[in-house]
Amino acid sequence: MDIVTHALIGATAAAGWLPSQPELACGVVLGNVVPDLDAFSRLGGKQAFIRCHQTYTHSLAAMAAVLLVSVGLHFVSGPVWSMFVLGLAIGMVMHVGLDLTNSYGVQWAWPISRRRVALDWIFFIDLPALILTIAALGLIGMFGQDMAMLPWVSGIYVGLLFVYVAMRSLIARRAQRLAKESDEAAERTAVIPTTWLPWMFLVCRDLENASETFALNAITGQQSQARTVATFDAELPAAVSELIEWQAMRALSPYYRAVEQKQSSDEQAIVVRDLRIRNFDTRFGTLTCRLDAEGQIIDKQWEV
């Protein structure tokens, strides 16, 4: 999920600990944000961002290290700092758990494995989750003077959020089953959640020299917005497939495909993009290359 949603979720969940254990509450809020500080890798360039985001700071190793620090602080400096760092670990677990439900996934086993795990249950911006969180924050604001109510509001919120995530897992599994049943001959199918409606999904699957995309209603099974996109991966020049940008995005998505190819007498233009992620008509990861008559890259633009 995006860092704003993580921060709001952390603040809402932590409010229940504020009256009795404020240091733990502060740790939970911060822990819900800390893993996304890897976004500062963007300062090292676009390639560094793709390589580092949702990797080491989202791993079991990072969470275990923070938990060990909490245990150590308990014996060295007393409960205050220990509880703060424990809250940090709890917040990190919440953050990583939610990011696992998204579509780009996390490298939870880093550094042992660089494989990303993505459950494709919830898009990283999710309207129902935001509405639930903002409503709970509104109640916390209303009962702010009555500290005894905060644990109840936060507890109910966390319970409802857990139920919502579990419900989304069931809906996603149904959508995946419906997409597979609609064409059992397809070798590979991606089913991506949408932002606005929990039962709507974006499907992409392989055809011969093309990909089929459509929207799927997981309740009715109805398909809409069907489209066949011609792909030119077999004709992709070596100069493009050897680019670090292409390799980084292809590692994120097997549906990172060459979708446009324009040829003139002295140069060629190629556009490569991820056909899975179509929320907001995003162009994240789109790579546009211009090549000369000899197949060498003249210019490239990478939207990250």
Being closer than 13 Å to A239 by Cα and surrounded by fewer than 17 Cβ atoms within 10 Å (Cβ to Cβ) is the filter here; which residues of segment 250-304 pass it?
A269, T288, R290, D292, A293, E294, G295, Q296, I297, I298, D299, K300
Does segment 180-191 contain at least one residue that is outside any helix (DSSP H, G or I), at pLDDT 95 or above and touching a helix residue (DSSP H, G or I) at 6+ places or on another chain (Cβ under 8 Å)?
yes
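Which residue, of G155, G141, is in a helix (DSSP H, G or I), more than 16 Å from the chain's Cα centre (by Cα), at negative phi and without any contact (Cβ under 8 Å) to a residue 60 or more places away in the chain?
Details: G155 fails: without any contact (Cβ under 8 Å) to a residue 60 or more places away in the chain.
One residue alone meets the criteria, G141.
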Given (1) out of contact with any strand residue (DSSP E or B) (no Cβ under 9 Å at 6 or more places or on another chain); (2) modelled with pLDDT of 95 or more, index of the condition I171 fails
(1)
Tell me the helices (runs of 4 or more DSSP H) entirely within segment 2-64 that contain at least 1 residues that are at pLDDT below 95 and among the aromatic types (F, W, Y).
46-52
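Any idea which of S211, S241, S224, S264 is within 22 Å of G45 (Cβ to Cβ) and out of contact with any Asp or Glu (no Cβ under 7 Å at 6 or more places or on another chain)? Let's see the steps before the verdict.
Working: S211 fails: within 22 Å of G45 (Cβ to Cβ); S224 fails: within 22 Å of G45 (Cβ to Cβ); S264 fails: within 22 Å of G45 (Cβ to Cβ).
Answer to the check: S241.
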Within segment 144-184, restricting to residues that are buried (at least 18 other Cβ atoms within 10 Å of the Cβ) and small (G, A, S), the one that is farthest from L18 (Cα to Cα) is A179
Only one of these conditions is not met by A14: (1) under 19 Å from H95 (Cα atoms); (2) without any contact (Cβ under 8 Å) to a residue 60 or more places away in the chain. Which number is it?
(2)
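The values are calculated or read from the model by the stated rules, or taken from the named source; none is laboratory data. In this text, all values refer to a predicted model and were calculated from it rather than measured experimentally. Using ideal geometry, Cβ is built from the backbone for each residue, glycine included, and neighbour counts are taken over all protein chains shown.
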